[in-house]
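The values are calculated or read from the model by the stated rules, or taken from the named source; none is laboratory data. Just so you know, these numbers come straight off a predicted model, no measurement behind them. Counting neighbours? That spans all protein chains shown, and the Cβs are built from the backbone with ideal geometry, glycine included. Side chains included, ligands, DNA and RNA excluded: accessible areas come from the protein's heavy atoms. Shrake-Rupley method; radii C 1.70, N 1.55, O 1.52, S 1.80 Å.
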2 protein chains.
Amino acid sequence: MDPQDDVVEKIRGEAESIYRRIQRKQKPQMKLPIRALSNVRYRPKAGYFQLRGRNKVRTMSVGTVKTFAQTLKMLAMSKELIRTGRHSTKREAYYQAYNWAEAAFTSQDESDTVMDDVEAMIAVHRERLRFRADEHGGEVAGELIVLDRDRRTRQPIEIDCARFGSGAYSVPTVVEDLQFRTKAKFILAVETKGMFERLVEEDFFDKFHCILISMGGVPSRACRRFIRRLADARKLPVYVFTDGDPYGYLNIYRTLKVGSGNAAHLNEFFCVPKARFLGVTPDDIVEYQLPTHPLKEVDKKRALDAMRNDPFIQHHKPWQQAIERMLDMGVRVEQQALAKHGLEFVANTYLPRKLKQVDAFLP
Amino acid sequence: MDPQDDVVEKIRGEAESIYRRIQRKQKPQMKLPIRALSNVRYRPKAGYFQLRGRNKVRTMSVGTVKTFAQTLKMLAMSKELIRTGRHSTKREAYYQAYNWAEAAFTSQDESDTVMDDVEAMIAVHRERLRFRADEHGGEVAGELIVLDRDRRTRQPIEIDCARFGSGAYSVPTVVEDLQFRTKAKFILAVETKGMFERLVEEDFFDKFHCILISMGGVPSRACRRFIRRLADARKLPVYVFTDGDPYGYLNIYRTLKVGSGNAAHLNEFFCVPKARFLGVTPDDIVEYQLPTHPLKEVDKKRALDAMRNDPFIQHHKPWQQAIERMLDMGVRVEQQALAKHGLEFVANTYLPRKLKQVDAFLP
């Protein structure tokens, strides 16, 4: 079976139900989940933010006829992309819709919103609808063979991520069809390209049999999906190594692990529930006498917000303690601060020590 | 000869001249070029912004003793990096300097400035001093074999950029030691990852025997240096494909081609004088009836500034005409607007037509 067959089936199903209502002289309808924090809950067992299941029904009327038409045209575009084996960026989709006459969009915002609707309605992520963002997907180096296909010949291609020298494998924006072969023991996802290149330079992935992934800040959807698919397919633990600040803890780690509130209909596919936080923790500052910087007002605000409102933090006592400790100390720490003890310290001392006590990682 | 020997020689030479002055009981001195637009001119023949050659002399005194010490320590750090075969990010350099007692930096800004001084003084770019930034280096797909070395075994590694499937080769931040093998006919540097993936998906590099490079916006130093070294080594033409707006023309293309004003001591290494601008041009908007957006105030300001003050634009009549036309039309155009004519239009029609009239490209 073509891996896209179920998506085509779903598109056809939606179209048929609308068609049937029209035949029965009823007003056409679409049902969409409500995408808002108020319709979200944190499910510790599943490991991610989930929708509470409230839906809105869009019935065709004079006021909704344009959006209605756009949604149907967008579904048709997706079906055509699947048929031709292509993907379209969100921006390309917007420009292709220039030819929709009265149903054309007036801005890309409008087109993006309709795409989000379609994604939520069909209940698959837009990458499977063959829409992609214009974003980086992260970089990979380590004990991993990525299996892709030659675009022309359809022959399998093996990409050996251990053989990039000082470079790396750049993850594409759509990773649905990639397969993996590896004997690695874990995935180490790092915040900065600087730290990624440090670990490559220190032969870290050779010595510790792992796969290094540079997220380049908050991981993009492509990067999160890549980590998720790889971790699931090869049953690998995922350890996360960021700066020790609210941005690293909440924007990067929390987003990677449980997803984000305003995209709750997607977290199922994009979060990495098994991820665990290796460092840098507030405790590390003391233990390794690391240079720090004072917390900025925006840092404090983000941390306090999370303590008050973030269901993930509220569920995990160790995270509350870590964030409280950070606020008490009043400082943040960068992962590259470990260079105070020499460039090789992070690879030869800090990470090996940490990896001996995986159970002590923050959840 | 080790390719780094000349850098070590230069560092040693600086140190010796300071040492000799001390022995002669003279005040130690350093000579640095002045890094400012006022000390820059555009050299059409060389093809980039050059320094006019004015220097400042820094003599050691009570007021400069700390900076003086920092500069010497930074030189020593570079020498040590060369010895151990490592690189250090600018941030890691700052943290390593925590152990310099009274010469420690109070902020990374301070450390970056001293690094810039060292770079200008030794007259090599900091990558050769083994300092790197924490930035992406662009992505590559196409008819190119990159030759790197295995970090552990020092054995050569061949990276075939035609065999990445939907992914790509991620360029490292330091590209000095890479070698290249290719039968490609040209390099096509594109602004967005979205367009890069479009061309990969359309088999463009196969059909047109080229090397595709995604710059991801304004190209980083690593990306510019990669294009420069590759183009020089294999004598390849470089064509640039950006959005049709002042940002694409000036911030991306102009920076890639001739460098930037405030880094004039480096342009020699980082600019790509042979680059030519393929599109999207204001003429294309009319010829292909492309959807546009009104110019924003910031766009207009940037364009007018360039007409008045940019020596590169002032030197090239065709660029003045193009920018005037854009201002007259009052609109900008995105490269993905070509999708109005179908996703494959850019690869099957627009680029092939353009490539038949390379002489018509903007200079």
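Some observations on this one:
- Residues that are within 13 Å of chain B (Cβ to nearest Cβ), out of contact with any Asp or Glu (no Cβ under 6 Å at 6 or more places or on another chain) and more than 18 Å from B:HIS87 (Cα to Cα), drawn from the stretch A:308-349: A:VAL333
A quick yes/no check of all residues on (1) within 14 Å of chain A (Cβ to nearest Cβ); (2) surrounded by 21 or more Cβ atoms within 10 Å (Cβ to Cβ); (3) polar (S, T, N, Q):
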residue: B:LEU256; (1), (2), (3): no, yes, no
residue: B:PHE270; (1), (2), (3): no, yes, no
residue: B:PRO282; (1), (2), (3): no, yes, no
residue: B:ILE285; (1), (2), (3): yes, no, no
residue: B:LEU295; (1), (2), (3): no, no, no
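- The stretch B:96-128: number of residues that are in contact with a Lys or Arg (Cβ under 6 Å, 6 or more places away or on another chain) and of a type in the set (Val, Ile, Thr): 1
- Only a single criterion out of (1) open to solvent by 50 Å² or more (accessible area, probe 1.4 Å); (2) within 27 Å of B:MET77 (Cα to Cα); (3) not basic (Lys, Arg) is not satisfied by A:MET329, namely (2).
- Top-ranked residue of the stretch A:131-149 - restricted to ones that are of a type in the set (D, E, K, R) and at pLDDT 95 or above, ranked as most open to solvent (accessible area, probe 1.4 Å): A:GLU143
- The single condition from (1) farther than 25 Å from A:VAL200 by Cβ; (2) of a type in the set (D, E, K, R); (3) buried (at least 20 other Cβ atoms within 10 Å of the Cβ) that A:GLU334 fails is (1).
- When A:ALA306, A:ALA339 are screened for being surrounded by 13 or more Cβ atoms within 10 Å (Cβ to Cβ), modelled with pLDDT of 95 or more, part of a helix (DSSP H, G or I) and of a type outside the set (Asp, Glu), only A:ALA339 passes.
- Residue within the stretch A:268-278 that is closer than 30 Å to B:ASP148 by Cβ, among the aromatic types (Phe, Trp, Tyr) and in contact with a Gly (Cβ under 7 Å, 6 or more places away or on another chain) present: no
- Members of the stretch A:91-115 found to be free of Cβ contacts under 8 Å to residues at least 24 places away in the same chain, open to solvent by 70 Å² or more (accessible area, probe 1.4 Å) and at the interface with chain B (Cβ under 9 Å from one of its Cβ atoms), listed by number: A:TYR98, A:ASN99
- Looking across the stretch A:145-157 at every residue that is of a type in the set (Val, Ile, Thr) and within 11 Å of chain B (Cβ to nearest Cβ), the one that is nearest to B:ALA141 (Cα to Cα) is identified as A:ILE157.
- Across the stretch A:62-75, the qualifying residues are those that are over 30 Å from A:HIS136 (Cβ atoms) and in a helix (DSSP H, G or I), and the one among them that is least open to solvent (accessible area, probe 1.4 Å) is A:PHE68.
- Identity of the residue in the stretch B:297-307, out of contact with any strand residue (DSSP E or B) (no Cβ under 9 Å at 6 or more places or on another chain) and closer than 27 Å to B:LYS193 by Cβ, that ends up farthest from the other protein chains (Cβ to nearest Cβ): B:ALA306
- Among (1) more than 10 Å from chain A (Cβ to nearest Cβ); (2) more than 23 Å from B:GLN357 (Cβ to Cβ); (3) of a type in the set (Phe, Trp, Tyr) - the single one B:PHE186 does not satisfy: (2)
- Scanning the stretch B:158-177 for residues that are at the interface with chain A (Cβ under 7 Å from one of its Cβ atoms) and surrounded by fewer than 19 Cβ atoms within 10 Å (Cβ to Cβ) yields a count of 1.
- Any hit, the stretch B:209-227, residues being within 11 Å of another protein chain (Cβ to nearest Cβ), at positive phi, open to solvent by 20 Å² or more (accessible area, probe 1.4 Å) and in contact with a strand residue (DSSP E or B) (Cβ under 8 Å, 6 or more places away or on another chain): yes
- Restricting attention to the stretch A:11-61, the residues being at positive phi and either surrounded by 12 or more Cβ atoms within 10 Å (Cβ to Cβ) or among the basic types (Lys, Arg) (or both) number 2.
- For the stretch B:110-221, the strands (runs of 3 or more DSSP E) that sit wholly inside it and include 1 or more residues that are touching a helix residue (DSSP H, G or I) at 6+ places or on another chain (Cβ under 8 Å) are B:139-142, B:168-170, B:179-181, B:186-190, B:210-214.
- Residue tally, condition of a type in the set (Ser, Thr, Tyr) and in a helix (DSSP H, G or I), over the stretch B:226-281: 4
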